[in-house]
Amino acid sequence: AQKVTQAQTEISVVEKEDVTLDCVYETRDTTYYLFWYKQPPSGELVFLIRRNSFDEQNEISGRYSWNFQKSTSSFNFTITASQVVDSAVYFCALIAQGGSEKLVFGKGTKLTVNP
Amino acid sequence: DTAVSQTPKYLVTQMGNDKSIKCEQNLGHDTMYWYKQDSKKFLKIMFSYNNKELIINETVPNRFSPKSPDKAHLNLHINSLELGDSAVYFCASSQDRQNSPLHFGNGTRLTVT
């Protein structure tokens, strides 16, 4: 069975601070895909990134970066120089190739960036 | 231009009623989904269709019945609504059933009184 744990329920930072959102996953499959989604206060769910299990390269996109470490089964998300517009609930998710074809979501981390 | 559109955005109804939520995607995707997000923001898959064929049916009460008339549409009908059905329901689509990112609709907030 697949499982995603986002231990941080809520994080509050001040604008311009860096913040890291943790994601730990469990799967027995060797081929799997990890995702991050953002849900701003307006409610829509926005895809941010997909990473497959064979690609451990870190990814950077503007102020966003992702650190994938198979050794610790983690796929952490860092926002550099946070902005108020980054305030949202962020979800980490996992789908395993040999699994049930279900995308399993973590419970989400609510990030509040204060001005 | 909307990629995945679902209607209505808000749905307020009384216990015991029957209601439907419609979903359409214009992305040419093969797979469509219904997810339920509860009051604690937890997202859980309910159903998945691939080319009109049901491929995932989670432990969902029989009162919930999805219907896919074609691969661009996946509707959700709910019979005999209960208070516990109150949630936000998201429709989504993906290019295939394996590992493509999901594109979500804006959600339907269902309130059962």
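If you average 1/r over all unlike Cα pairs in the range A:36-79 and invert the result, what Kirkwood radius do you get in angstrom?
Values: mean 1/r = 0.0871 Å⁻¹.
Answer for the range A:36-79: a Kirkwood hydrodynamic radius of 11.5 Å.
So which aspartates and glutamates can A:Lys38 reach, going by Cα to Cα under 12 Å and dropping same-chain residues fewer than 8 places off?
Answer for A:Lys38, where 12 Å is the Cα cut-off: A:Asp86, listed by chain and number.
What is the percent of Cα-Cα separations in chain B that go past 23 Å? Could the numbers behind the result be given before it?
Details: 1334 of 6328 pairs.
So the portion of pairs separated by more than 23 Å is 21 percent.
Test of understanding: ordering A:Trp66, B:Trp34 by Cβ neighbours within 10 Å, fewest first, what list do you get? Walk me through the numbers on the way to the answer.
Values: A:Trp66 21, B:Trp34 26.
Fewest-to-most Cβ neighbours within 10 Å comes out as A:Trp66, B:Trp34.
Which of A:Lys70/B:Lys40; A:Lys107/B:Lys52; B:Lys19/B:Lys40 have a Cα-Cα distance over 26 Å? Show your work: numbers first, answer last.
Details: A:Lys70/B:Lys40 29 Å; A:Lys107/B:Lys52 29 Å; B:Lys19/B:Lys40 23 Å.
Beyond 26 Å: A:Lys70/B:Lys40; A:Lys107/B:Lys52.
Once Rh is set to the Kirkwood radius over Cα pairs, what Stokes-Einstein translational diffusion coefficient, in µm²/s, holds for the range B:1-64 at a temperature of 10 °C and a viscosity of 1.306 mPa s? Don't skip to the answer; put the middle values down first.
Working: Rh = 13.6 Å.
So the translational diffusion coefficient is about 116 µm²/s.
In terms of the ratio Rg/(2.2 N^0.38 Å) built on C-alpha atoms, what value belongs to the protein assembly as shown? Don't skip to the end; give the middle numbers.
Details: Rg = 17.8 Å, N = 228, 2.2 N^0.38 = 17.3 Å.
Here the Cα radius of gyration is 1.03 times the empirical estimate.
Between A:Asn58 and B:Asn17, how high is the FRET efficiency from 1/(1 + (r/R0)^6) when r is the Cβ-Cβ distance and R₀ = 35 Å? Nearest 0.05.
Working: r = 50 Å, r/R0 = 1.44.
Result of the calculation: an efficiency of 0.10.
Gain in length, A:Gln83 to A:Leu48, computed as 0.36 nm per residue apart minus the alpha-carbon separation, to one decimal in nm? Could you put the intermediate results ahead of the total?
On the way: separation 35, 0.36 × 35 = 12.60 nm, distance 1.65 nm.
The span from A:Gln83 to A:Leu48 would gain 10.9 nm if fully extended.
How much of the pair distance distribution for chain A lies past 16 Å, counting alpha-carbon pairs only, in percent?
57
Read-outs throughout are calculated quantities, based only on the coordinates presented, and are distinct from any laboratory measurement. Not measured: the values here are computed from a predicted model. As a convention, Cβ positions derive from the backbone with ideal geometry for all residues, glycine included, and neighbour counts pool all protein chains shown.
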